[in-house]
Every structure is written in C-alpha cells, then in structure tokens.
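One structure is given here, and the rest of the page talks about it.
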DNA sequence: AGACAAATGGACTAAATCTGTCTAATTGTC
DNA sequence: GACAATTAGACAGATTTAGTCCATTTGTCT
C-alpha cells in the first residue's frame with residue numbers, strides 16, 4: 001500500500017500527535033478526501049501501517065531463517081532483520097516514546113503476535129539445529145523456547161540502553177558471539 | 001540564553017508551525033508560564049533565537065578571519081563557519097523551507113544585516129591582502145566587494161542544490177581552490 | 001461522444017489544541 | 001518569617017484538526 005509507505009515516515013518524523021491527516025495525504029500525494037476513502041481515522045492509518053511493517057519484517061525474517069548457512073548466522077540475520085525493520089526506525093524518531101505507547105494502545109495485538117511468532121521461529125531453528133547435532137543444548141541445559149526468549153529480551157534491553165546509537169549493532173553482535181560460544185558442540189579452545 | 005539554546009533545536013525538528021510554546025518550555029525545562037515571563041510570543045522566541053544564532057556565528061566568523069594564516073585559509077574558515085552556524089542546521093531540518101520563510105518574515109532584518117556584515121568582512125580581508133601583495137586582483141579586474149558577493153552567492157547556490165547532502169563541503173572547498181588559483185600573484189603552473 | 005468509477009477541492013460542524021493572560025500556591029533563598 | 005522567582009492550573013478566544021459530505025473534475029472504457 002503506497003499510502004502506508006508514505007505515512008510511516010511521517011509518523012516517525014513528527015510523532016503521532018503532531019502528524020495530521022493532511023500531512024499524511026500530502027506525503028502520499030493524494031487528497032485528504034481520498035485518504036478517508038481508504039482509512040476511517042488517523043488511528044486506522046497508524047494501525048494499518050504498524051501491521052504492514054510487522055508483516056513485511058516477519059516475511060524478511062522468515063527468508064533469513066531459510067538461508068543455507070549455520071544456525072548462528074541464520075539467527076543473527078533474523079535478529080538483525082527484526083531490528084532494522086521494527087526497532088531502529090522507531091529509535092530514530094524524536095518521539096520514540098510516544099510512538100511506542102501509541103503503538104501499544106492501537107496495535108498491541110499485532111505487536112505481541114509478531115513478537116510471539118518471532119520467538120517461535122527462533123525456537124524452531126534452535127530445536128532443528130539441536131536435532132541435527134549442529135548445536136549442543138546440553139551445555140546450557142534449557143529448552144529452545146527459553147533461549148529464544150533470552151535473545152529477544154537481550155535485544156529489547158540493548159535497544160532500551162543504546163537507543164538509536166551506533167553501538168546497538170555492536171552489542172547485538174556480541175550477544176550472537178556469546179550464543180555461538182555457548183552452544184557450539186565442540187569447545188572453542190583446547 | 002538557555003531557553004533559546006533549547007528552543008532552536010525544537011524549531012529545527014518540528015518546524016515553526018508544529019512547535020508549540022509547551023514544546024519549547026518542556027525542552028528548556030521550565031513552565032509555560034515562565035516562558036512567557038521571558039518572551040511575549042512564539043514569534044518573539046523565534047526572532048530572539050535567530051538573532052542569537054546570527055550573532056554567535058558572526059563572532060566565530062570574526063575569530064576565523066583573525067587567524068595568522070593565508071587570506072585564502074582565513075576566508076575558507078570564515079565561509080565554513082558561516083555555513084555550519086547558519087546554513088547546515090536549517091538544511092538538516094525536515095521543514096527547511098518553512099523555517100526559511102518564517103525567518104524571513106520574522107527576522108529578515110537580522111538575516112540581511114548579518115549577510116551584509118559577512119560581505120564586508122570578506123571584502124575587507126581581500127582588500128587588505130591585495131594591499132599587502134598577498135593576492136593579485138588585477139587578474140580578475142574587480143573590486144573586493146564584488147568578489148565577496150560572488151563567494152556568498154556561490155555559497156547559497158551550492159546550498160540550494162545540495163541541501164544537507166555531504167557534498168556541500170566538497171563544493172565549497174572547490175570554490176575556495178578556484179578563488180586561490182585566480183588570485184594568487186604568481187602563476188600556478190609554468 | 002457518452003457512461004462510468006475514482007479522485008478531488010472545498011465547505012462544513014464539532015472537537016481538540018494552542019495562545020496569551022491571570023491568580024493563587026509553591027518553591028527556594030536570604 | 002520575608003522575599004522573589006517559579007509554578008500549576010484555570011480561563012476565553014482564536015486557530016487547527018477530524019471526520020463528513022457533495023458538486024465537480026479527471027481518467028478509462030465502450
């Protein structure tokens with residue numbers, strides 16, 4: 001949807017409150033009347049935009065998890081994709097907090113569903129890798145779902161602390177090295 | 001003035017229209033009531049902020065023109081300072097056009113005075129350099145004021161075309177090399 | 001040309017927001 | 001406690017916005 005592609009950057013730039021339907025229509029290159037033919041309210045635009053971004057990002061995440069590389073590389077790619085699609089854009093906004101709250105008020109279901117689906121996909125990847133002997137879960141003695149939960153929690157924690165700073169990528173890579181070292185079936189050094 | 005230091009980034013971020021007195025007060029860490037103790041209106045805040053930025057930048061420009069280096073280096077430093085203080089910040093705004101127009105509506109006098117003063121300073125530097133034989137104006141057969149005018153015009157033209165792109169600095173340096181080559185008393189190649 | 005659907009400009013009301021002003025209460029300082 | 005500075009909060013009036021509606025225009029198809 002072209003309108004949503006135009007609307008999301010406007011929300012990111014001005015925040016929800018300061019963004020008007022006229023702003024969105026202008027950005028989309030249509031009239032305000034036309035905008036109301038597609039969406040019934042500003043909340044509606046935002047909800048649809050959030051849903052679109054979540055759907056789009058998850059499609060990319062699924063692609064990343066299908067690549068013919070190690071499970072670590074696939075998970076790292078999935079995490080990076082998730083961050084770039086749903087975390088960094090919000091962090092780049094001057095009104096990140098407002099947008100987060102509005103998103104939770106208007107599109108909590110989509111957001112929580114997406115988060116859960118991301119968890120499931122990571123869990124599945126870990127479980128399959130464990131079955132193939134690619135990784136060794138015995139060393140950390142836990143279920144794939146718990147590991148996936150840790151990864152997601154660390155991601156949001158890193159985001160919380162670093163905001164839109166460049167260090168975000170570094171911390172994420174460090175997290176991935178940790179995972180790699182902990183789950184590799186053979187000792188790293190010896 | 002702390003309030004103005006806080007207010008200007010807000011104007012740059014949201015534009016004049018979308019910026020409210022509540023936004024400015026919040027950014028300055030004071031109450032809206034207090035803000036009205038110092039300024040009588042939003043226009044007043046903007047005007048004072050513009051004046052402050054212009055004054056501050058011109059002070060820096062004067063310092064740059066006093067350095068003990070070649071007239072070319074002094075002028076280049078002055079131009080860079082001018083750009084960094086008054087051009088780039090506006091260009092970084094999403095509402096650059098609105099801010100420019102508002103500035104011309106509310107603070108045209110300050111802006112034009114500053115521009116004229118900048119012209120005079122550059123002219124003076126060129127004239128003094130010519131008197132000392134550091135540069136040769138005969139090759140271009142014109143007055144220092146005209147040369148200064150060209151420099152300022154080229155600056156605004158470059159800004160117009162490149163916006164906030166990184167190429168702005170490159171074009172400016174090229175302009176300075178041109179100036180250097182044209183005014184050097186001895187031929188560059190022989 | 002004529003028929004048809006989609007998009008538009010513009011008008012409109014009600015609700016929300018913002019401005020600028022004011023006062024009583026609060027805060028911090030001497 | 002006295003004092004000045006700052007504040008929260010209320011307020012009226014002006015401006016902006018949301019959401020709706022319709023007559024007109026635009027573009028497409030036959």
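Values for this structure:
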item: Test result for residue B:71, farther than 19 Å from residue B:28 by Cα and touching a helix residue (DSSP H, G or I) at 6+ places or on another chain (Cβ under 8 Å); result: yes
item: Out of A:88, A:63, sole residue that is farther than 29 Å from residue B:94 by Cα and either more than 16 Å from DNA strand C (Cβ to nearest atom) or modelled with pLDDT of 95 or more (or both); result: A:63
item: Candidate set: segment A:13-33, residues that are within 12 Å of chain B (Cβ to nearest Cβ) and in a loop (DSSP other than H, G, I, E, B); chosen: the one farthest from the chain's Cα centre (by Cα); result: A:20
item: Segment B:1-24: number of residues that are more than 9 Å from DNA strand C (Cβ to nearest atom), farther than 17 Å from residue B:92 by Cα and buried (at least 16 other Cβ atoms within 10 Å of the Cβ); result: 2
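Results for (1) within 16 Å of residue A:76 (Cα to Cα); (2) crowded, with 18+ Cβ neighbours inside 10 Å, shown as yes or no for each residue.
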residue	(1), (2)
A:95	no, yes
A:104	no, no
A:110	no, yes
A:132	no, no
A:143	no, no
A:149	yes, no
A:152	yes, no
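For (1) within 21 Å of residue B:107 (Cα to Cα); (2) touching a helix residue (DSSP H, G or I) at 6+ places or on another chain (Cβ under 6 Å); (3) in contact (Cβ under 8 Å) with a residue 12 or more places away in the chain, each residue gets a yes or a no:
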{"site": "B:4", "(1), (2), (3)": "yes, yes, yes"}
{"site": "B:11", "(1), (2), (3)": "yes, no, yes"}
{"site": "B:17", "(1), (2), (3)": "yes, no, yes"}
{"site": "B:26", "(1), (2), (3)": "no, no, no"}
{"site": "B:56", "(1), (2), (3)": "yes, no, yes"}
{"site": "B:81", "(1), (2), (3)": "yes, yes, yes"}
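The values are calculated or read from the model by the stated rules, or taken from the named source; none is laboratory data. Being a predicted model, the structure only gives us computed values, none of them experimental. Virtual Cβ from ideal backbone geometry, glycine too; neighbours counted across all protein chains shown.
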